[in-house]
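Bear in mind that the values in this text are calculations on the coordinates, not laboratory data. What you see is a predicted model, and the numbers here were worked out from it, not measured in a lab. Neighbour counts run over all protein chains shown; Cβ positions are idealised from the backbone, glycine included.
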Amino acid sequence: MTDQPEQHPVTGLDDVVHQRVRLGILTVAHQARRVEFGFLRTALGLTAGNLSQHLAILEKAGLVDIEKGYEGKRARTWLSLTPAGDRALRDEVAQLKRLIHQIEHGSSTPES
Amino acid sequence: MPLQGTPHEVLAGLGELTRKVRAAQRGTWFPLLLLGVLMLGGILVSRFTFQVLTVPCPATAPAAGVGCTVVKQGSPLYWPIGIALAYAATAFFYIRRSRNRGVGTPVRPYILTGIALLGVVAATSFWSTRHGIPRPGEPLDFWGLHLDPSSEMTRFLERLVGNATAVGLPLLVLSWVERSRVLLLLTAVYVAIELVPLPTGWSGIPFTSPWFFLPRYAVPGVLLLLGALGFGLAELPRRRNAS
């Protein structure tokens, strides 16, 4: 017999993406296409240091591109999702939906 | 940041964040204001370009051989230039706002639709320059389409290719990119007003009056301005919260 038990959706969650702050960053960047550090900090209610740490993890994982520059004398940091980041967010949301389906119906494959 | 708890709560938190970003991206009042002003400007252009001309009547008309009165109103440059400026100003407004707020703009499809429509308007102007403006009652051969000027279909097409498309289609695209059902509803009302078949003189203003086009532009123009006011007022609390 080669039948393998169906994997639980929890095993499909990526630790880098699933962390709540990073999931928030990816969601905002996905909708905004391009988002500035200050907007992210306000939208997510974080300190600058905390946000920087999470951005460094996402950048290292190749999920976001970070672009630093100046507008006049003001330093600004913009970030955007990479194609891998976009895919990772979609996968995460799909896994969460599977998980909800599993909890509600006992099977991890949503009918759609 | 409500992104913890059950998967349901996490997804709800993501939805809430997405809504917050969309709210910061919206600037619907500005294009509505420009298009409303452009529409009302059409009244003045019609007024100041008003001309009564006498031309030979078509051979089929009862008064054939005698002079017929034709009213000429409007400028062929007003709408193409006005709409081009409105789209350019909207693009500038959204890009500037995006820089100030620190969040990307979703307006590119709206501007691209506007540019494509301007191409169509330019092609139509080119066609009419080559073929001349058709005389009253004359059949139209437009790029393979044989149109009978007296048929309901031709009249519907005339209304459709006018402001209903030049203004309505970009607004439809804007309601999609901004995920705004209210704007979608406003666009539907606008397009319905532009497409409704109205008999000549329905407003009580004779077609020989310089103000004949007033209700034709005032009704959709005021609708767009009211929409701009409504969206602007709806945005005020968000702006106060952000500052």
R0 of 45 Å, Cβ-Cβ distance B:LEU198-B:LEU11: FRET efficiency to nearest 0.05: 0.40
Residues with amide H under 5 Å from that of B:VAL103, placed H, sequence gap 5 or more: A:GLU36
Can you list the lysines whose alpha carbon is less than 19 Å from that of A:LYS68, not counting same-chain residues fewer than 8 positions off? A:LYS60
Quick check: pseudo-label points 7 Å beyond the Cα along Cα→Cβ at B:VAL120 and B:ALA23, how many nm apart are they? 3.5 nm
